[in-house]
Structures are given as C-alpha cells and as structure tokens.
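The values are calculated or read from the model by the stated rules, or taken from the named source; none is laboratory data. Please read all numbers here as calculations on a predicted model, not as lab measurements. Heads up, the Cβs are rebuilt from the backbone with ideal geometry, glycines too, and the neighbour counts pull from every protein chain shown. For accessibility, only protein heavy atoms count, side chains too; no ligands or nucleic acids. Shrake-Rupley method; radii C 1.70, N 1.55, O 1.52, S 1.80 Å.
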Amino acid sequence: MEAAGTWTLLLVLLLLLVLTLALSRTPGHLPPGPTPLPLLGNLLQLRPGALYPGLLRLSKKYGPVFTVYLGPWRRVVVLVGHKAVQEALGGQAEEFGGRGMLATLDGTFDSHGVFFANGQRWRQLRGCTTLALRELGMGKREGGELIQAEAQCLVEAFQGTEGRPFDPSLLLAQATSNIICSLTFGLRFPYEDEEFQAVVRAAGGTVLGVSSPWGQTYEMFSRLLKPLPGPHTQLLRHLNILATFAARQVQRHRESLDTSVPPCDIVDAFLLKMVKEEQDPSTELTDKNLLMTVIYLLFAGTVTVSTTVRYTLLLLLKYPQVQERVREELTRELGAGRAPSLGDRGRLPYTDAVLHEAQRLLALVPMGVPRALTRTTCFRGYTLPQGTEVFPLLGSVLHDPEVFEQPEEFNPDRFLDADGRFRKQEAFLPFSLGKRVCLGEGLARAELFLLLTAILQAFSLESPCPLGALSLQPAVSGLFNIPPAFQLQVRPR
Ligand code: HEM
C-alpha cells in the first residue's frame with residue numbers, strides 16, 4: 001500500500017516536471033521571462049487585480065520585451081515603453097496587426113465584429129465601418145455639428161442641477177452614447193429615458209466587469225472558470241442588455257431599408273452593402289458580424305470618451321489654475337458666449353494641451369488591447385511564432401520616463417513649445433498605432449474637444465469637497481483605468 005503511494009507521488013512529480021519543461025520550451029526563439037509553473041503559469045509573479053503593475057515590475061528585470069504565461073496556457077509577449085511599442089506596432093505593422101484574446105468578451109463576440117475579427121473578415125469589416133463613418137461626415141463639419149448639438153443638451157442638463165453637487169458620470173455617458181447612437185442607429189434618446197439609462201449603465205457594468213480583479217483572473221484561467229458560476233454571469237447580463245438593444249435597432253433598420261437612398265447611419269450603410277454583396281461567397285458582411293460590430297461601437301462609444309471627459313473634469317477641479325487658464329484662452333479666442341467648433345481647435349493650443357495631458361495621465365487602456373502575430377516574425381533578434389499574443393503596454397508608453405519628464409505629474413505645458421504653440425509628442429499613443437489603431441480616434445478627439453469646451457464655456461466648475469480629498473488614482477485598474485467617482489458643482493458664467 002505504502003509502495004503504491006510512493007509510486008503515485010513519483011508519477012505526479014514526473015508529470016509536473018514534464019509539464020514545466022513543455023511550458024518553458026520556446027518554439028522559435030522567444031524573449032526571456034520568468035519560468036512558468038504547471039497549472040499556474042506566472043501566477044506567483046502576476047497577481048490578478050494588479051496585472052499591469054506586475055508586468056511593469058517584470059520589465060525591470062527582463063527588459064522592454066519579455067514573455068509571460070497568464071495561467072497555464074496563455075503565452076504572451078509583452079512590450080514596454082515607447083521604443084519597443086513603436087518599433088513593433090508601427091515598424092512591423094502588418095505582422096503585429098492581428099487581434100489577440102479578451103477572454104471575458106470572447107464568449108460573446110466569438111471572433112466576430114470589427115474589434116475581435118482577424119484576417120479577411122477584419123479587413124472587410126474595418127473597411128466598411130471606416131467608410132460608413134466617413135460618409136456620415138466624421139472628420140467633416142457635419143460630424144462636428146452633431147457633437148455640438150449633443151454638447152448643448154449636456155450643458156442644459158448640467159444647468160438643471162442649479163448649483164447642487166452631482167455625480168456627472170451618467171449624464172456624460174449618455175451624451176457620448178447619444179453621439180454613437182445617432183451615428184450607428186440614427187437615434188438619440190432623452191436623458192430621462194429609462195431604457196436608455198439601462199443601456200448606458202450596462203456599458204458601464206461591462207467596463208467594470210472586464211477591468212475588475214475577477215476579470216483579470218478570468219483572462220488567466222478562462223478555461224477553468226468558464227463552466228463555473230461566478231461574476232461572469234453578471235457581465236453576461238450587461239452584455240445581453242447591450243446586445244438586445246442593438247439587435248432591436250438592427251431589426252428596425254432591416255424592416256425599413258430603402259435601397260434607393262443613401263444611408264443615414266452605420267447600420268443602413270452595412271445593410272446596403274450586404275444587399276450588394278449577397279451573391280459574393282467570400283463576403284464577411286453577415287448578420288452576426290453586423291451585430292457584433294454595432295454592439296462594440298455602442299460599448300466603446302459610450303464608455304471611452306465619457307470616462308476621459310470625467311477624468312479631465314476631475315483634473316480641472318483639482319487644478320483650478322489650469323481651469324482658469326483654459327477659460328481665459330476660450331474667452332480670448334472665442335468671446336464669452338460662442339460655442340466652439342472643430343475649426344477652433346488650432347486657435348486653442350493650451351486647451352488642446354490640457355486634453356492631451358489628461359488622456360496621457362489617465363492612460364485609459366493601460367495594457368493596450370491584445371494583439372497577435374499574423375505570421376512568424378523576427379523582432380529584436382527573437383523569433384515570434386505566428387499567433388503569438390502581444391500586449392503593447394500603452395500605459396508604459398504614455399508614462400515613459402525617457403519621453404515624459406516626471407510622467408506621473410499633470411503638466412499640460414509639456415505639450416506646448418516655447419512660443420506657446422501646440423507641440424505633438426510621438427509617444428502620445430492612447431489610441432495605439434499601426435493597422436489596428438483605434439477606429440474611433442477622430443470621433444473621440446472631436447468629442448473630447450467639443451464636449452469639454454462647451455462645458456467650460458458655460459460653467460465654472462467647483463468641488464463640494466476640499467481639493468486635497470480629491471484622488472486622481474483609478475478606482476479600478478485592469479483592461480481600463482476607471483477614475484474614482486466624485487461630485488461636481490457647476491455655476492453658470
Ligand atoms: C478616448 C477614447 C478612446 C480610446 C482611448 C480608445 C482606445 C482604443 C485602443 C487602445 C484600441 C486598441 C487598438 C489596438 O489594437 O492596438 C481601440 C480599438 C478600437 N476602438 Fe477605440 N478608443 C477610444 C474611443 C473609441 C470610440 C468612440 C469608438 C467608436 C467609434 C472606438 C472604436 C474602436 C474600434 C472599432 C476599435 C477596434 C479597431 C480594430 O481592431 O481594427 N474607440 N481603441
């Protein structure tokens with residue numbers, strides 16, 4: 001009996017040894033990294049809930065390009081700092097242009113839709129979505145007018161608070177959601193609409209879910225956790241609300257599609273192209289890809305810009321002298337009453353610098369969105385096999401001490417030259433770069449500028465609590481950095 005026990009123990013140890021060797025064997029020639037343990041991967045070095053700081057810590061030991069195991073199966077090459085990220089995503093854009101995995105969302109999106117697709121599917125969806133946005137006037141005056149109109153609704157809603165302290169989160173998210181809903185579905189909703197509020201809250205719940213410590217654990221152990229009950233059922237509930245809403249809008253469009261007139265929104269543009277390509281066996285313009293694309297647009301359009309505007313408002317509360325300087329510039333260049341338009345951006349370098357600095361400091365997507373190698377690639381002397389996942393740590397680019405002096409400080413002047421003109425910084429990459437650079441970058445930048453300037457033209461911003469009590473540290477930090485909640489008081493100017 002005792003002998004049998006010893007043999008079993010030996011067998012288990014042997015199995016663990018074989019697993020360790022198999023894990024640490026590098027196909028091709030991978031960058032260095034900590035030795036993974038069987039079943040755990042690099043769990044000892046990377047605590048879920050603090051994945052990003054853990055990766056930064058490892059880069060101190062292994063350099064700007066290293067390999068880690070998220071859980072037992074997921075091997076990831078991590079890129080840290082501006083040079084490495086620029087060289088890979090910018091310099092070898094084609095090779096680094098695949099999409100990696102987001103385990104928390106992959107079950108729902110199933111490699112469909114523009115964000116999650118790869119290969120030919122991604123190319124067709126990216127082309128179609130970009131064209132639709134362009135045709136709807138993004139980057140042109142009409143696009144700006146749509147955002148300006150929503151900014152006025154937001155200003156009116158802020159006015160309705162009559163100087164009382166309020167949390168601006170929901171209103172900001174509704175404003176940005178209305179912009180993407182107008183572009184995608186041709187609809188805007190009153191802020192009081194309860195169903196719309198539920199959709200916006202579901203987008204917020206999704207962003208919290210994917211960024212939470214549990215979300216990070218799931219990225220490491222999805223295969224083990226998927227069948228078990230847990231917080232992902234809550235995440236699925238949020239995603240379901242978004243999906244049901246999006247599906248209903250698509251159905252409404254399908255029923256009223258008129259092929260004889262130009263499309264008025266993204267769904268129409270997709271449906272018209274689908275009709276044209278009906279007979280093409282290689283088309284990726286399918287019902288599922290359309291739905292998954294619009295669910296992602298609804299999600300991204302609701303949470304990303306509103307979170308950034310919210311963080312910028314927090315910074316302006318914390319640094320009243322910056323708020324004053326922006327307002328002075330607005331008054332000097334535009335006069336007291338006129339709402340800014342996109343054409344004014346060039347005349348407002350300090351305002352532009354504040355927006356850039358807020359985005360830099362926030363680093364909304366600190367770990368970047370996982371990429372994957374589209375073919376076996378030589379990079380800095382390593383051989384990375386096709387399909388290898390890559391995390392370009394955008395936070396480490398935006399806070400790279402080799403580019404940005406005292407990167408943890410809020411200092412808009414770093415985006416100005418000696419004559420006070422706006423100065424571009426190559427390492428300003430909150431939208432990433434390369435083939436899969438954020439598709440909504442132009443829209444997001446226009447929204448940030450028009451929403452923020454409209455608020456500052458209309459109001460002085462005050463904090464009901466002492467400035468020292470306002471924290472700038474993210475309340476949640478995972479896939480997204482989510483700033484803490486705070487109360488705001490606005491006084492008409
Ligand atoms: C401040 C606002 C935003 C930030 C910081 C941001 C950031 C990002 C980042 C880091 C990526 C991943 C790029 C990569 O793979 O390396 C991305 C992708 C994407 N974003 Fe944004 N985003 C913002 C707003 C938006 C908005 C408003 C939309 C809606 C139109 C949008 C739509 C997309 C899409 C569709 C992709 C996937 C692109 C692809 O895979 O081809 N984003 N974004």
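Taking the DSSP beta bridges in the chain as the whole, what percent of them are antiparallel, to the nearest 5?
Working: 24 of 29 bridges.
Of those bridges, close to 85 percent are antiparallel.
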- Ordered by residue, what ³J(HN,Hα) values in Hz, to whole numbers, does region 93-105 give under the Karplus form 6.51 cos²θ - 1.76 cosθ + 1.60, where θ = phi - 60° and Gly and Pro are x? 4, 5, 5, 8, x, x, 9, x, 9, 10, 4, 5, 10
- For the chain, give the magnitude of the charge dipole about the Cα centre (Cβ charges: +1 Lys/Arg, -1 Asp/Glu; no others), in debye to the nearest 20. 1020 debye
- Long-range amide H partners of Gln386 with built H, under 5 Å: Thr376, Thr377
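Hey, got a sec? Which GluC sites (Glu not before Pro) in region 150-245 land in a DSSP loop and have at most 12 other Cβ atoms within 10 Å?
Details: sites: Glu150, Glu156, Glu162, Glu192, Glu194, Glu195, Glu219; in loops: Glu162, Glu192.
Counting only loop positions with at most 12 other Cβ atoms within 10 Å, the GluC sites (Glu not before Pro) in region 150-245 are Glu162, Glu192.
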- Within region 336-413, GluC sites (Glu not before Pro) in DSSP loop having at most 14 other beta-carbon neighbours inside 10 Å: Glu402, Glu405, Glu408, Glu409
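At a Förster distance of 41 Å, what's the computed FRET efficiency of Gln197 paired with Leu44, Cβ-Cβ distance as r, to 0.05?
Details: r = 43 Å, r/R0 = 1.05.
With R0 = 41 Å, the Cβ-Cβ based efficiency is 0.40.
Taking 0.36 nm per residue of separation and subtracting the Cα-Cα distance, what length does fully extending Thr233 through Gln406 add? Write out the running numbers ahead of the final one.
Working: separation 173, 0.36 × 173 = 62.28 nm, distance 4.14 nm.
Between Thr233 and Gln406, full extension yields an extra 58.1 nm.
Starting from the Kirkwood Rh over alpha-carbon pairs, what translational D in µm² s⁻¹ does region 88-129 have by Stokes-Einstein at 37 °C and 0.692 mPa s?
Details: Rh = 11.0 Å.
Rounded to a whole number, D works out at 297 µm²/s.
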- Query: Taking a ≥ b ≥ c as the square roots of the eigenvalues of the Cα gyration tensor of region 172-328, is the shape rounded (a/c under 1.5), prolate (a/b larger than b/c) or oblate?
  - Reply: oblate
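What FRET efficiency comes out for the pair Glu328/Leu470, r = Cβ-Cβ distance, R0 = 25 Å, nearest 0.05?
On the way: r = 23 Å, r/R0 = 0.90.
For Glu328 and Leu470, the calculated efficiency is 0.65.
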- Which trypsin sites (Lys or Arg not before Pro) does region 383-449 hold that lie in a coil by DSSP with at most 13 other beta carbons within 10 Å? Arg421, Lys424
- Query: Which of the lysines could a cross-linker span from Lys83 if the Cα-Cα distance has to be under 30 Å and same-chain partners fewer than 8 positions apart are dropped?
  - Reply: Lys60, Lys61, Lys424, Lys435
- Report in % the part of the accessible area of the chain that belongs to carbon and sulfur, leaving out ligands and nucleic acids; probe 1.4 Å. 57 percent
- Query: Of Leu228, Gly54, Pro38, which is farthest on the positive side of the dipole of region 27-492, counting Cα position, with +1 on Lys and Arg Cβ, -1 on Asp and Glu Cβ, and the Cα centre as origin?
  - Reply: Pro38
- Run through every distinct alpha carbon pair of region 55-130 and return the Kirkwood hydrodynamic radius in angstroms, one decimal place. 14.4 Å
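Where does region 98-200 land on the Kirkwood hydrodynamic radius, alpha-carbon pairs, in angstrom?
Numbers: mean 1/r = 0.0622 Å⁻¹.
Across region 98-200, the inverse of the average 1/r is 16.1 Å.
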- Message: Above 43 Å lies some portion of the pair distances; for the chain, what is it as a whole percent of all C-alpha pairs?
- Response: 18 percent
- Message: Taking the alpha-carbon distance from Lys226 and a cut-off under 29 Å, which lysines remain once sequence neighbours fewer than 8 residues away in the same chain are dropped?
- Response: Lys288
- Item | Rounded to whole Hz, the Karplus (6.51, -1.76, 1.60) HN-Hα couplings of region 258-269, x for glycine and proline | 10, 6, 8, 10, x, x, 9, 7, 5, 4, 4, 4
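Dipole of region 93-151, Cα-centred, from +1 at each Lys and Arg C-beta and -1 at each Asp and Glu C-beta, to the nearest 20 debye? Could you put the intermediate results ahead of the total?
Details: 7 positive and 8 negative charges, 34 e Å.
For this selection, approximately 160 debye.
With a 1.4 Å probe and all protein chains left in place, how much accessible area per residue does the chain have, in Å²? Spell out each step's value before the answer.
Values: 21740 Å² over 493 residues.
Ligands and nucleic acids excluded, the result is 44 Å² per residue.
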- Amide H neighbours of Asn481 at under 5 Å, excluding residues fewer than 5 places away on the same chain, with H built from the backbone geometry, are Val365
- Message: Roughly how far apart, in whole Å, are the Cα centres of region 130-151 and region 251-312?
- Response: 15 Å
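Report, to two decimal places, the Cα Rg of region 276-319 normalised by 2.2 N^0.38 Å (N = number of residues). Mind dumping the intermediate values first?
Working: Rg = 18.5 Å, N = 44, 2.2 N^0.38 = 9.3 Å.
Expressed relative to 2.2 N^0.38 Å, the Cα Rg reads 2.00.
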- Query: Convex hull over the Cα atoms of region 347-493, averaged projected area in nm²?
  - Reply: 11.3 nm²
- If amide H atoms are modeled at 1.01 Å from N in the peptide plane, then the residues at a separation of 5 or more from Gly49, or on another chain, having amide H under 5 Å from its own are Gln216, Thr217
- Item | Value of Rg to Rh for region 167-256 (Rh from inverse mean 1/r over Cα pairs, i.e. Kirkwood) | 1.05
- Item | Label-to-label distance, nm, for residues given as Arg421 and Leu257 (7 Å Cα→Cβ offset) | 5.0 nm
- Set of aspartates and glutamates near Lys318 by C-alpha distance (under 13 Å), chain-local residues within fewer than 8 positions excluded: Glu409, Glu462
